[in-house]
Each structure stands twice: as structure tokens, then as C-alpha cells.
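Everything on this sheet refers to the single structure shown next.
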Amino acid sequence: MLDFRVATFLCVCQTMNFTRAAQLLNITQPAVSQHIHFLEEAYGMALFRYENKKLSLTAAGQILRKRFVAMKNDEQELLAELRSQVSGIEEISLGVTMTVGEYAIMDPLARMLRAHPERNVRLVFGNTQQLLQMLAAGSIQLALVEGYYPQEEYEHTRYSTGDYIGVCAAAHHFAMPPHRFHDLLQERLLIREEGSGTRNILERNLALYGMKVSDFIHYTEVGNMHTIIGLLLRDAGISFLYRIAVEAELRAGTLREIPLTGFSMQHDFDFIWEKGSIYTDAYTAFCEELRSLAGEQDSSNFPDRQGRAGAGSNTLVE
């Protein structure tokens, strides 16, 4: 088991407040201070600093936090591994973003579960920022994300690559044919919530043109991809998302792509986990198996929105 002082250190990292950490840990504030002082003495350097009455981590503290988080998560995985020796059941928790979970991973995951009846997979949904927080908290072991993340802070491997496009209803009427982002500012933009990878990608692309989401006269923030697609089908706005999320509607002709001059984008879907984990080899094998199964999937067996078998391909471009 990890030293109780490590738990105190990680709690202070989470709250950046000694008093709040003491309350969460149900110990006194002097005890929190003693635990931190012990670690600073043991490692021979300060882990926190006060600046303008605000607590922050030193460079050494940041390194220690990353390593302790990886150790804490590995300890949880170790306990699961030991339990599996008795039960014969493997356990793994995978966090996925909405687009990935609903459109990109279902078929390969189903194949994996059929091939491994001894494996229990806990699938957790969240946007990219939420999944990063879950990894840090140790509530998930792996995440499959579509958005940007600090690659230098995580082990990562690519799952697939998807086209990112503008979309509107097939019958949508533009006042003038759009060629650039600026031509769309009169439209209602349907957009995911802050922290979503889909939104973050659009924000970064807009920034390249000196623009931001608030430049659109009308925009509607929606925390669910199905709702965005439903609003698109009802011609309630335009949106930017991954092609795989609207593949069925594009094939059916109920939605159409908005062609913009110079806008052609692909983005990776990546598996990520804590850097330095002793389970990196096991996680890599799990990811490679899912990626291999995704390459084998037959999109003709995919259901469309009405539950019928659809034609065409839902496989992300490798």
C-alpha cells in the first residue's frame, strides 16, 4: 500500500489548500503540514510554494505528483490483477469520448468481448477534459480521446484517424454559397460543451483565422452528439464534427457536407494512459487488439439510425 503521506500529498495537489485537504482526509491541518514536511525532508526539496497567498506546486512537486498518480493507479490495477488470479476474471476500465463511444468503438469492442468472455470492461463516457481528470484520479485505467491533450504527459498510441467536417441539413439554404468560415457567421452554430474534443478542434481551427465561437451571431451549446445530429436533421443550424458521427445521414442524403476552401482536416483518436505505468505493456496489447479488430470490422453490419443494416463504411481511415 502507498504511504499515507503520499495520499495526503495527492489530496493537497487536488485541492491546493491544506485546510480543505485536512477536511477531505478527516485529519487535522497540522497533520497535513507534517506529512508534506516529511516528504520534503525525504526528497530534500520544497514541493509547494506560496505566491500572492496562493499555493502551487514547485517543479519537483509536479514531477512527484505525476509519479505518485501513476503509482496509485498501478496499485489499483495490481489489486485487480491479484483478484483475477482467484476469480479468473480480467478487469479493465476504459474512458471514451461521446463520438468515439457511440460511433467508432462499438463493433471492435463487441468482437473483443465475444473473444474474451473472461474479460470485464467498464466503459465510461466523458469529454476529453473529464477523461483526463478521471485518469489523474485513477477511476479509469485507459482513455480513448478525440481531442487535444498534453502528449508529453501521457503514454499514447493511435487508434485511428477521422475526417473532421462541416455539416448542415440537405435542404439548408445559405444566403450566399459559403467558401470560408467568415461566410458562416450568420448561421446558427451547434456546438458541444467546453472541454469536448470536438469543440476544441473547431476552436483551434477558428483561431487560425483570427476567429472564435462567439463571433457567430447565434450558437447553441449541446452536451450530446445525438441531439446535435437531431437538430441538424431538423435544419436548426450547422455544425462541425467527425464524419463518422453522421456517416449514415450523409449516405441517406438527409445531411450534406459544407465545403470550405482550404479546410480539410483529419484528427487522430488516441489511447492514452499514465506515463511510467508498470502496466504499459498490458495496456499496449489491449489497445493493439482493439485497433486490429477495428480494421476487420464490416460496416455493412452497422445499424443505421432506424436500426436497419446500412451500406458503406463507418471505419475510420487508418
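Of all DSSP beta bridges confined to segment 1-126, the antiparallel ones make up roughly 35%.
With R₀ set to 51 Å, the beta-carbon distance separating Q29 from L123 gives a calculated FRET efficiency near 0.80. For S93, the amide hydrogen comes within under 5 Å of the amide hydrogens of R122, Q141, L142, counting only partners 5 or more places away or on other chains and with H modelled in the peptide plane. Counted over the chain, the DSSP beta bridges are approximately 65% antiparallel. Estimated at 0.36 nm per residue, the fully extended path between E102 and T261 surpasses their Cα-Cα distance by 54.3 nm. Comparing S160, S292, S196 in a Gaussian network model of the chain (Cα springs below 10 Å), the most mobile by mean-square fluctuation is S292.
Shape summary of segment 131-272, radius of gyration then Dmax from alpha carbon positions: 15.9, 50 Å.
3J(HN,Hα) along segment 150-158, derived from phi through the Karplus expression 6.51 cos²θ - 1.76 cosθ + 1.60 where θ = phi - 60°, amounts to x, 4, 5, 9, 9, 6, 8, 8, 6 Hz, with x in place of Gly and Pro.
Calculated FRET efficiency, E289 to E203, Cβ-Cβ distance, R0 = 41 Å: about 0.75 to the nearest 0.05. The shape of the chain comes out oblate: with a ≥ b ≥ c from the C-alpha gyration tensor, a/c is at least 1.5 while a/b does not beat b/c.
Packing, taken as the mean count of other beta carbons within 10 Å per residue, orders the peptides 171-177, 74-80 from highest to lowest as 74-80, 171-177.
Taking Lys and Arg as +1 and Asp and Glu as -1, the other residues whose beta-carbon sits under 9 Å from that of A70 total +2. Accessible surface for E81 stands near 80 Å², nearest 10, in the context of the full protein assembly shown (1.4 Å probe).
Taking a Cβ cut-off of under 12 Å around P259, the surrounding Lys, Arg, Asp and Glu residues balance to a net charge of 0, with basic ones at +1 and acidic ones at -1. Over the residues of the chain, the helix contribution to mean residue ellipticity at 222 nm works out to -12500 deg cm²/dmol, using -39500 (n - 2.57) for each DSSP H run of at least 4. Among rounded, prolate and oblate, which fits segment 66-142 when a ≥ b ≥ c are the square roots of the eigenvalues of its C-alpha gyration tensor, a/c under 1.5 means rounded, and a/b larger than b/c means prolate? It comes out oblate by the Cα gyration axes.
Legend: calculated FRET efficiency, A46 to A282, from the Cβ-Cβ distance at R0 = 35 Å, rounded to 0.05, equals 0.45.
For segment 199-257, the Kirkwood estimate of the hydrodynamic radius, built from every pair of different alpha carbons, is 12.6 Å. For segment 114-248, averaging the sequence separation of C-alpha pairs within contact (under 8 Å, six or more residues apart) and dividing by the residue count gives a relative contact order of 31 percent.
The shape of segment 33-99 comes out oblate: with a ≥ b ≥ c from the C-alpha gyration tensor, a/c is at least 1.5 while a/b does not beat b/c.
Post the alpha-carbon centroid distance, segment 243-257 to segment 117-147, in whole angstrom. Their Cα centres are 28 Å away from one another. Within the shell defined by Cβ-Cβ distances under 14 Å, the residues around T128 carry a net charge of -4, with Lys and Arg each +1 and Asp and Glu each -1.
The values are calculated or read from the model by the stated rules, or taken from the named source; none is laboratory data. As the structure is a prediction and not an experimental result, all values here were calculated from the model. Here the Cβ is made from the backbone with ideal geometry for all residues, glycine too, and neighbour counts use every protein chain on show. Areas reflect the complete protein model, heavy atoms only, side chains present, ligands, DNA and RNA absent. Shrake-Rupley method; radii C 1.70, N 1.55, O 1.52, S 1.80 Å.
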